[in-house]
Amino acid sequence: MHATILVVEDDGLIRMDLADTLTDRGFSVLEASNADEAISIMNESTLIRALVTDIDMPGSINGLELAHHVAETHPDCAIVVISGRYSPSQGALPEKARFLSKPVSETAVTRTLTALGIA
C-alpha cells in the first residue's frame, strides 16, 4: 500500500485534480480546503506521510505557516509547497520542504514525492 498524502488547496478544481493525479499514482489521498482543516486532519490521522499545500489560502494561517507547523509537529511528514503567485525566498520553507510552481505537472509531483522518500 502506498503512502497517505494530505492535499491542501482552496480551489476545488485544482485540489480535485491533484488528488486524482496522486490517486492514479497509487497514493491514498485526504483533502482539505484550508490550513485549519488540514491541522484538524493531521491531528486525527497518524497515517499521513506527506503534505502537499498551496501557499495562498483563506483561514487563520497560510500554506507556508502550515508547512512550518507540520514540520514542527510531524517531523517525519514530507512537505511540498505549491503556488502560482509566490516563489518563497531562500529560508522561507521548512528545511526539508520542496517548492513547485503551478501549474504542477504529474511528473513533477511524483518526482518530488519520490525524492522525499514517499513512494
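Taken together, the values in this text are just the output of simple stated rules run on the coordinates, not laboratory data. What you see is a predicted model, and the numbers here were worked out from it, not measured in a lab. Glycine gets a Cβ as well: all are built from the backbone with ideal geometry, and neighbour counts include every protein chain shown.
Among the residues of the stretch 75-92, the one identified as part of a loop (DSSP other than H, G, I, E, B) and either buried (at least 19 other Cβ atoms within 10 Å of the Cβ) or in contact with a Gly (Cβ under 7 Å, 6 or more places away or on another chain) (or both) is C77.
Within the stretch 41-57, the set of residues being in a loop (DSSP other than H, G, I, E, B) and either touching a residue at least 12 places away in the same chain (Cβ under 8 Å) or within 15 Å of P94 (Cβ to Cβ) (or both) comprises S45, L47, I55, D56, M57.
Residue under question is A71, and the condition is that it be out of contact with any helix residue (DSSP H, G or I) (no Cβ under 8 Å at 6 or more places or on another chain), part of a helix (DSSP H, G or I) and farther than 18 Å from I14 by Cα; does it hold? Answer is yes for this residue. Scanning the stretch 10-26 for residues that are free of Cβ contacts under 8 Å to residues at least 60 places away in the same chain and buried (at least 18 other Cβ atoms within 10 Å of the Cβ), we see that the one that is nearest to G117 (Cα to Cα) is A19.
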